[in-house]
Amino acid sequence: GGPLGDTPSSGGSDAFLAATTSTGGILWVRQFGGAADDYAMALAIGQGGFYLAGGTTAALPGQTNIGERDAFVVRIS
C-alpha cells in the first residue's frame, strides 16, 4: 500500500476510514496498520466516534500479534 493524503503507509496493505463531501472531495483520512496486511471489515457509528473492526497479519502499533491473523477494533474520533 501507499500513503493516503498526509498519512504514510505502515507497510503491506493498511486499513483506513475516510470522510468525503457529497461531490467526492476528501474531508479527512485515517490510515493505520502494521508491517504486513491489515483490513477493515465493519464500521459502526456511536458515541465518541467511529468504531472500525477488521483484521491484521502483523502487530498494530503498541500491540502484539498473537497468531497468524488477529482481529482488531479501533475507535476513531
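Since every read-out is calculated from the coordinates, none of them should be taken as a lab result. These figures come from a predicted structure and were not determined experimentally. Note: ideal-geometry Cβ built from the backbone for every residue, glycine included; neighbour counts use all protein chains shown.
Under the criterion of Cα pairs below 8 Å and six or more residues apart, the relative contact order for the chain equals 23 percent. Descending by average beta-carbon neighbour count within 10 Å, the peptides 53-65, 20-32 line up as 53-65, 20-32, the highest first. Size descriptors for the chain: radius of gyration and Dmax over Cα atoms are 12.8, 42 Å. Charge tally for S13 (other residues, Cβ to Cβ under 9 Å; Lys, Arg +1; Asp, Glu -1): -3.
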